[in-house]
Amino acid sequence: MCDTCGCNLTPGNKHLAFKPVAKGATAVSVLKGLLAKNDDQAGHNREHFDRRGILAINLMSSPGSGKTALLEATLVALKDEFTCAVIEGDLETENDAERIRAKGVQAHQIVTGTACHLDAHLVHDALHHMTLEGVDLLFIENVGNLVCPASFDLGQHLNVTLLSVTEGDDKPAKYPVMFRAADAMLLTKTDLLAVLDDFDPDKAETHLRNLANPAPVMRLSARKDMGMDAWLTWLREQLTAQRARVAIGQSRRPAIQSDGMKYHKATA
Amino acid sequence: MHELAVAQALVEQVDAVMGQHQARHDHDASSSDAWRATAIRVRIGPLAGVVPELLATAFPLAAAGRRMEHAALEFTHAPIQVRCQTCGAETEAAMNRLLCGACGDWHTQVISGDDLLLESVELETTPS
């Protein structure tokens with residue numbers, strides 16, 4: 001398959017590509033993902049991770065749903081087991097990276113300025129400032145935003161989307177692109193459920209299923225150390241799975257992107 | 001406004017397509033006609049997370065001064081369709097309710113509607 005000679009045309013998509021045009025004009029069919037350049041870079045990042053047996057996880061959520069607090073608790077809990085590293089994405093400040101470094105973990109801050117999401121190139125540049133040797137788990141904390149980050153592959157293996165119980169339980173219905181991409185959904189700050197009468201965790205899960213997403217839903221509070229075991233167990237399992245993939249020369253893209261693309265290529 | 005980033009990616013891709021086309025033609029014929037893009041067609045599904053109207057606003061900014069700056073940006077609508085893994089039916093679905101329209105199961109696979117594709121570029125020669 002290439003994008004120059006037309007061999008990516010199939011009976012199914014041919015009608016998209018050819019249409020009569022005026023004399024003296026030519027229609028060049030492309031049928032290539034608009035973000036192909038980003039996706040190529042993401043694939044390259046993934047190769048970096050796979051070569052070193054690293055599991056890369058992209059954390060996405062609204063601002064203030066507890067991504068950094070979750071990381072702080074996770075890094076402390078795993079510090080005797082695995083070597084972790086963190087890439088932080090924010091519009092401004094080095095604050096989050098400093099919080100991570102305070103836990104004795106390598107962190108690089110990407111300051112995006114005005115950009116509302118991380119992309120594969122930003123992550124690649126960050127990797128050049130980091131020591132990846134010996135790292136088991138790399139967390140990429142995306143810019144707090146439930147819209148834009150969902151559209152950009154960074155080279156991660158898994159997307160983890162956080163939904164704090166101080167938000168609405170219908171967030172997955174309101175931001176389907178984001179929650180459809182989740183390989184796991186974490187309901188955070190569940191210690192506050194006792195004083196909130198308008199967040200129903202079961203409803204949040206139903207909204208996720210309505211997006212045809214089978215991802216596990218874990219309820220936890222990083223601050224109060226509630227429900228962290230299920231999350232840590234899931235991380236251990238995912239790292240074991242990543243090592244098994246690497247051993248046989250395979251990799252994994254976050255669920256949605258890979259399925260979608262495979263499917264389009266096979267049948268489009 | 002990640003649509004600006006998408007518009008910039010679109011401009012780069014169209015530029016690459018035009019470059020390839022030009023190179024091929026310079027081989028075929030001795031003419032050194034300059035090609036310009038008259039229309040760019042992209043296919044965007046609702047689940048791609050890109051708003052066509054915002055992309056249309058961002059495109060002139062990204063294309064300013066480039067050889068496709070006067071091209072018309074056209075959109076192909078890609079309706080959301082899911083295939084049910086339980087009953088096999090292919091049905092249309094709403095953006096936040098990707099359930100099988102036949103049996104109501106949520107074990108479905110999106111087969112259309114998350115597209116973000118550059119479909120085609122229409123080119124025209126301007127004799128030099």
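The values are calculated or read from the model by the stated rules, or taken from the named source; none is laboratory data. Being a predicted model, the structure only gives us computed values, none of them experimental. Ideal geometry is used to build each Cβ from the backbone, glycine not excepted, and the neighbour counts take in all protein chains shown. All accessible areas refer to the heavy atoms of the entire protein, side chains included, with ligands and DNA or RNA removed. Shrake-Rupley method; radii C 1.70, N 1.55, O 1.52, S 1.80 Å.
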Only one of B:121, B:50 is within 9 Å of chain A (Cβ to nearest Cβ), modelled with pLDDT under 95 and in a loop (DSSP other than H, G, I, E, B); which?
B:50
Among the residues of region A:157-214, the number that are of a type in the set (Phe, Trp, Tyr) and on the phi > 0 side of the Ramachandran plot is 0
Is it fair to say residue A:141 is among the charged types (D, E, K, R), crowded, with 19+ Cβ neighbours inside 10 Å and farther than 16 Å from residue A:46 by Cβ?
yes
Kindly indicate whether any position in region B:74-93 is open to solvent by less than 30 Å² (accessible area, probe 1.4 Å), within 11 Å of chain A (Cβ to nearest Cβ), β-branched (Val, Ile, Thr) and more than 21 Å from the chain's Cα centre (by Cα).
no
Complete set of residues in region A:106-133 that are assigned to a loop (DSSP other than H, G, I, E, B) and surrounded by fewer than 20 Cβ atoms within 10 Å (Cβ to Cβ):
A:112, A:113, A:114, A:115, A:116, A:128, A:129, A:130, A:131, A:132, A:133
Could you check how many residues of region A:89-127 are within 17 Å of residue A:75 (Cβ to Cβ) and without any contact (Cβ under 8 Å) to a residue 40 or more places away in the chain?
14
Kindly indicate which of B:39, B:62, B:7 is open to solvent by less than 50 Å² (accessible area, probe 1.4 Å) and either aromatic (Phe, Trp, Tyr) or within 11 Å of the chain's Cα centre (by Cα) (or both).
B:7
For the condition surrounded by fewer than 17 Cβ atoms within 10 Å (Cβ to Cβ), without any contact (Cβ under 8 Å) to a residue 12 or more places away in the chain and in the same structural domain as residue A:78 (by TED's automatic domain parsing), what is the one hit in A:225, A:229, A:170?
A:229
